[in-house]
């Protein structure tokens, strides 16, 4: 005999449940930092207003959505540079970042950076002085200024 169970979960409870599941299931998230990613540069157009950023400022822009007039850009989730960036910057896997961002969006406290392919990131950096992105050091296009770097753990 099959019985049906009716389950009602509030939206806050749902966010908490999803967050707990993502953190408890490391196989669902890209937990480890990819070894092949070297130094990651946080870059802007060379004529942009920002000269240098400290780690806390980069964290505020990309994780907490304290972007001011800047337009942060994310690489696709399938790019190992994205996993390495968030692991180095925030100590969080991509699954944990999804959970955090879901909470920020749900509460109205933030929105995620715009996600673009590498070529589109290069184009935005060339055309938008407010765009800020992270790229592997060897892939830096002409016309950008490095405002911060994140090196692999020793």
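General remarks:
- Of residues in region 96-108 being out of contact with any helix residue (DSSP H, G or I) (no Cβ under 8 Å at 6 or more places or on another chain) and over 12 Å from residue 86 (Cβ atoms), the one surrounded by the fewest Cβ atoms within 10 Å (Cβ to Cβ): 108
- Residue count for region 101-125, restricted to those that are over 22 Å from residue 68 (Cβ atoms) and part of a helix (DSSP H, G or I): 7.
- Test: residue in region 131-145 that is over 17 Å from residue 64 (Cα atoms), touching a residue at least 12 places away in the same chain (Cβ under 8 Å), in contact with a strand residue (DSSP E or B) (Cβ under 7 Å, 6 or more places away or on another chain) and in a helix (DSSP H, G or I): yes
- Odd one out for residue 144, checked against (1) surrounded by fewer than 17 Cβ atoms within 10 Å (Cβ to Cβ); (2) touching a helix residue (DSSP H, G or I) at 6+ places or on another chain (Cβ under 8 Å); (3) at pLDDT 95 or above: (1)
- Residue list for region 116-130, filter: within 16 Å of residue 58 (Cα to Cα) and either surrounded by fewer than 16 Cβ atoms within 10 Å (Cβ to Cβ) or under 14 Å from the mean Cα position of the chain (by Cα) (or both): none
- Residue check for residue 48: within 18 Å of residue 93 (Cβ to Cβ), modelled with pLDDT under 95 and either outside any strand (DSSP E or B) or in contact with a strand residue (DSSP E or B) (Cβ under 9 Å, 6 or more places away or on another chain) (or both): no
- The requirement of being in a loop (DSSP other than H, G, I, E, B), modelled with pLDDT under 95 and closer than 25 Å to residue 141 by Cβ is satisfied by residue 67.
The values are calculated or read from the model by the stated rules, or taken from the named source; none is laboratory data. Predicted model, so just to flag it, every value in this text is computed and none were measured. Don't worry about glycine lacking a Cβ; one is built from the backbone with ideal geometry, like all the others, and counts go over all protein chains shown.
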